[in-house]
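First comes the structure, then the notes that go with it.
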Amino acid sequence: MTQVFKPKRLKAQNFFQKILRKQPRENAVVEINNLLATKPLLDITPSEINETLYKYKENILRTFASDIAQLYEMYLRHCLNDKHLSDEDIAELKHLKRLLSLSDKTVGQLHDKVAGAIYEESVEQAIADGKLSQQERDALEKLQKELMLPSETANRLYADASKVLITRFLLNVVSDSRLSPDEEKEFEELCANLHVKPEIEPHTKEKLDRFRLYWLIENAELPEQSVSIKLYKTEKCYFTAKVNWYELRTVTKRINYAGVGARIRIAKGIYYRVGTVAPQRVTSEEMTYIDSGELYLTNKRIIFMGLKKNFTIRLERILAFTPYFDGIEIEKDAGRNPIMTIEKNADIFCLMLSRLMREV
């Protein structure tokens, strides 16, 4: 007698069910459970199941399909407790499938679910250290066969578990928005150790390329750009872009009359205002467009070649700067502080400027 199923109480009839002499439909599943709990599985016959179902006068196996399937799942979990399906287990599961009139599709899905969870847990344990040795690989292959898990399911579960590990590693190494050659090498070694070829989505690859570039800007030799403007003898240009140049300018608005007063009618349509004329100035700072043109960043200065005029800011005169998503505000030691909107790669410009300011 199996210990998997435990006897349950039948649900009591409600008032109308008593009058109509009908049993609660849910009791059909309870009675099947109790039959499985009180007799050895192989001793139960399909006719006993049919007898149980007959009194309910409807297709209980279809009405409560999920509850019936759950009975099979419970027994399957019991059989797979030791991560192995013996000949006796297989025979009992086949018999239970027949008793419960389950389809091959339903049984296959339940098997993939239960056996797959066991296999997935073993995979996670095997690759937790970021490696899959030949011994661990052989053990997983053996487990797959003992669980009678389809290769397609096993491969998918392994790929999913590896992807989680690889993603976690990537998130950790690029938490500083940088990707160094050493970190990239570690990533490649991890993939090789797990025997997987990662599929990196385009937007993720774009981010990784950006983080790799950030690291190179801060640590490697900056690539020099050839420009048509005249530079100093030892001057090198590293960045160019189209920009708009703005400055904060004070704007004054004049109010011609202020103070408390009163109006006195002198004649029709003519009023005399009692009070004093006290002009009041209201000023505010507004970002004012100055010019558009080409920006050049060199190892000595920022050069702006505009449509109206040109500007130059030597790097040693820059006290600080505030980076924005699409531009930068530069704080100088004297004069107005320019605000520039950069057409593209504002982040690259800011990183290069930061490094060049340190090296001045």
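Whether any residue in the range 126-143 is surrounded by 13 or more Cβ atoms within 10 Å (Cβ to Cβ) and polar (S, T, N, Q) is what I want to check.
Checked the range 126-143: no residue is surrounded by 13 or more Cβ atoms within 10 Å (Cβ to Cβ) and polar (S, T, N, Q).
With respect to Leu157, is the statement that it is touching a Phe, Trp or Tyr at 6+ places or on another chain (Cβ under 7 Å), of a type in the set (A, V, I, L, M, F, W, C), surrounded by 12 or more Cβ atoms within 10 Å (Cβ to Cβ) and modelled with pLDDT of 95 or more true?
yes
Filter the range 291-313 down to the residues that are outside any strand (DSSP E or B) and either within 42 Å of the chain's Cα centre (by Cα) or not assigned by TED's automatic domain parsing to the domain that holds Asn337 (or both) and list them by number.
Result: Asn299, Lys300.
Of the residues that sit in the range 42-65 and are under 18 Å from Lys94 (Cα atoms) and hydroxyl-bearing (Ser, Thr, Tyr), which one is surrounded by the most Cβ atoms within 10 Å (Cβ to Cβ)?
The extreme case among them is Thr45.
Filter the range 120-140 for residues that are within 26 Å of Lys105 (Cβ to Cβ) and out of contact with any helix residue (DSSP H, G or I) (no Cβ under 8 Å at 6 or more places or on another chain) and give the result.
Glu121
Does Leu231 meet the test of being in contact with a Cys (Cβ under 8 Å, 6 or more places away or on another chain) and touching a residue at least 60 places away in the same chain (Cβ under 8 Å)?
Spelling it out, Leu231 is indeed in contact with a Cys (Cβ under 8 Å, 6 or more places away or on another chain) and touching a residue at least 60 places away in the same chain (Cβ under 8 Å).
Pairs under 8 Å by beta carbon, first residue within 13 Å of Arg178 (Cα to Cα) in the range 200-212, partner outside any helix (DSSP H, G or I) and among the aliphatic types (A, V, I, L, M), six or more apart or different chains?
Lys207/Val174; Leu208/Val174; Leu208/Leu179; Leu208/Ile200; Phe211/Val174; Phe211/Leu179; Arg212/Leu179
Go through the range 227-242 residue by residue and tally those that are in a loop (DSSP other than H, G, I, E, B) and surrounded by 13 or more Cβ atoms within 10 Å (Cβ to Cβ).
So the answer is 4.
Consider Thr153 carefully, then state whether it is part of a helix (DSSP H, G or I) and either more than 30 Å from Val4 (Cβ to Cβ) or acidic (Asp, Glu) (or both).
Here the answer is no, as Thr153 does not meet what is asked.
Could you grab the pairs with beta carbons closer than 9 Å, sequence gap of 6+ or different chains, first residue in the range 61-76 and free of Cβ contacts under 8 Å to residues at least 60 places away in the same chain and aliphatic (A, V, I, L, M), second one surrounded by fewer than 17 Cβ atoms within 10 Å (Cβ to Cβ) and not in a helix (DSSP H, G or I)?
Correct list of pairs: Leu61/Ser101; Ile68/Ser101.
The values are calculated or read from the model by the stated rules, or taken from the named source; none is laboratory data. Since we're looking at a predicted model, the values are computed, not measured. Virtual Cβ from ideal backbone geometry, glycine too; neighbours counted across all protein chains shown.
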